[in-house]
1. Evaluate E = 1/(1 + (r/R0)^6) for residue 96 and residue 37, where r is the Cβ-Cβ distance and R0 equals 35 Å; express this FRET efficiency to the nearest 0.05.
2. Calculate for the chain the 222 nm mean residue ellipticity that helices alone would give, adding -39,500 (n - 2.57) per DSSP H run of length 4 or more and normalising by residue count, nearest 500 deg cm²/dmol.
3. Compute the relative contact order of the stretch 23-102 as a whole-number percentage, counting only Cα pairs closer than 8 Å that sit 6 or more residues apart in sequence.
4. Once both axes come from the Cα atoms, what is the angle between helix 113-122 and the longest principal axis of the chain, in degrees from 0 to 90, rounded to 10?
5. Can you give the three extents of the C-alpha atoms in the chain along their principal axes, from longest to shortest, in whole Å?
6. Just grab the label-to-label distance for residue 135 and residue 121, each label 7 Å out from Cα along the Cβ direction, in nm (one decimal).
7. Below 8 Å, C-alpha to C-alpha, sequence gap of six or more: please give me the relative contact order for the chain in percent.
8. Once the Cα atoms of helix 23-43 and of the chain are each reduced to a long axis, what angle between those two axes, in degrees from 0 to 90 to the nearest 10, is obtained?
C-alpha cells in the first residue's frame with residue numbers, strides 16, 4: 001500500500017521573491033555603485049564639477065559620518081526597481097536585451113530627467129554637474145534594466 005502525500009503548491013505569483021527581486025537588486029546595486037563611483041571620478045576631472053563636489057555648502061564632505069548612508073542609495077533604488085520590473089516586465093517587448101534597455105530608458109525618463117530638472121533649478125550647481133549626474137543616471141538605469149531582464153525573465 002502506497003501513501004500519497006499531497007504536495008503544497010505555492011499560490012504566490014512569484015514563488016521565490018529572493019531569486020527574482022532581492023538578488024538582481026543587490027547585483028544591480030553593487031554594479032551601479034561601482035559604475036557611479038567610476039563615472040563621478042572621471043567627471044570630477046572637469047574643474048566646475050570638481051568645485052561643486054568640494055563645496056561643503058552644496059555637498060557634505062566624505063568625512064561626515066552621514067555620508068556613509070549615501071552609499072546605500074544604489075542598493076535601495078535597485079531593489080525597488082527590481083520589484084517594479086517584476087510587476088512591469090510584461091509591458092516590454094523584444095529580446096531580453098531590448099526589454100532591459102527599454103525598462104532602463106523608461107526609468108531614466110521617469111526618475112532622472114525630472115530629478116535633474118529640479119536639481120538644476122533649485123541648487124546652485126553647474127550645468128555640467130547636473131549633466132554628469134544625468135549621464136550617471138542613464139548608465140545606471142540601463143545597466144539595472146539589463147540585469148533585471150536577464151535574471152527575472
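Values in this text are rule-based calculations from the coordinates and carry no lab data. These figures come from a predicted structure and were not determined experimentally. Virtual Cβ from ideal backbone geometry, glycine too; neighbours counted across all protein chains shown.
1. About 0.80, to the nearest 0.05.
2. So the helix-based figure for the chain works out to -20000 deg cm²/dmol.
3. Relative contact order for the stretch 23-102 comes out at 42 percent.
4. Helix 113-122 and the main axis of the chain meet at about 30 degrees.
5. Principal-axis extents of the Cα atoms in the chain, largest first: 81, 37, 25 Å.
6. 2.5 nm
7. 35 percent
8. 20 degrees
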